[in-house]
Structures are given as C-alpha cells and as structure tokens.
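One structure is given below, encoded as structure tokens.
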Amino acid sequence: MSTLPDAEALLPPLAAALRAHATPATVMVGLFTGGAWLAERLHAMLGLAEPLGLMDIAFYRDDYHKQGLKHDPKRTRIPFAIEGKDVLLVDDVLYTGRTVRAAMNELFDYGRPRSIALAVLVDRGGRQLPICAQHCGARVEVPAGMRLRLKRAADGKLALELEDAA
C-alpha cells in the first residue's frame, strides 16, 4: 500500500451518496470517537432535521471483559425516538464488524428502527462477522500488524493514519 486517501476529500462524495438516500425519517448516529467526528461533519453537510445522536458502545462489545472501560468513557446521547426511523449509523473504519454489531445491539435498546444503514469513511476488509457498509468513502488494504485510525486536528480537519496494532 502506498498512500492513504485524503479523509477530507472523501467527505463530499460520501455526503452526496448519503443525501441521495436520505428521507424525512432519516436520523444519524455516530460511534465514538472517529465515527462521531465523521458524523458531525456529515450531519452538517446533509442538514438532517433531527439532531445528531452519538453512541459509546463500550458496554456492548463482546471483548469488554478483555478491554474494560477506557478512562474517559463517553455517554450515549440519542436525542430522538428510534422507533420507525431510518437510522444511519456512522463509523470511521470498518474492520472486523464487531463494533457495528455492538452498536446495533445498543440501538435496539432504544427502540425498533425501520432500517439501519452503515456509512464508513474507510472499509479495510478483514471481516469476522457478516456486516457490510452500504455507504463507503474508500476501501483500503492495511498491512498486517497495522491499525488504521482517523485523527482530528485542532482545526477540525480529519486525516487517516497508520499505527502499530500492538
């Protein structure tokens, strides 16, 4: 793999693809942390009627017993009714599918949506569960032993970076 895509350049086409599928019943929920940053930007670009929802899936992860809570857990905030809505779940990087599975489990604790669609900035492959993104900014191959992260600069600009998985 040579270079990573420019995260900022991926936003306008991803927003355009989402706009084509948005309905009056569409609500957006971003997953902490990178997915929340991405959702903040996409929500503003789409001008959705309902406020942005944010979700911390820490308690719903199937590896919670191994990872425990981070020292600064975020709180899930869903300021709208889920029942009967078209939920657009937003995350930064799709990898194994376990984060998305946890998010769907938590989402159903709030009600029964009409539908759930997944939007991600990057799909890096390597799925362990049958989960796919309906909207994806880019597909990227990541070398073994590396992790792909979305970073946010002080000015709010988003960038993709590789780091050691260990």
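Quick note: the coordinates plus some simple rules give every number you see, no bench work behind them. Keep in mind the model is a prediction, meaning the values are calculated, not measured. Counting neighbours? That spans all protein chains shown, and the Cβs are built from the backbone with ideal geometry, glycine included.
In the chain, which longest range has no GluC sites (Glu not before Pro) that are both DSSP loop (not H, G, I, E or B) and surrounded by at most 10 other Cβ atoms within 10 Å? Kindly include the intermediate steps, with their values, before the conclusion.
Working: sites that count: Glu83, Glu141.
With a cap of 10 other Cβ atoms within 10 Å, the longest stretch comes to 1-82.
So if we plug the beta-carbon distance of Ala154 and Arg114 into 1/(1 + (r/R0)^6) with R0 = 41 Å, what FRET efficiency do we get, rounded to 0.05? Present the calculation step by step, with values, prior to reporting the outcome.
Working: r = 39 Å, r/R0 = 0.94.
Once rounded, the FRET efficiency stands at 0.60.
When you have a sec, figure out the Kirkwood radius of the chain from all distinct Cα pair distances and drop it here in Å to one decimal? Walk me through the numbers before you get to the answer.
Details: mean 1/r = 0.0617 Å⁻¹.
Kirkwood radius, the chain: 16.2 Å.
What does DSSP give for the chain in terms of the percent of beta bridges that are antiparallel, rounded to the nearest 5?
Within the chain, antiparallel bridges account for around 30 percent of the total.
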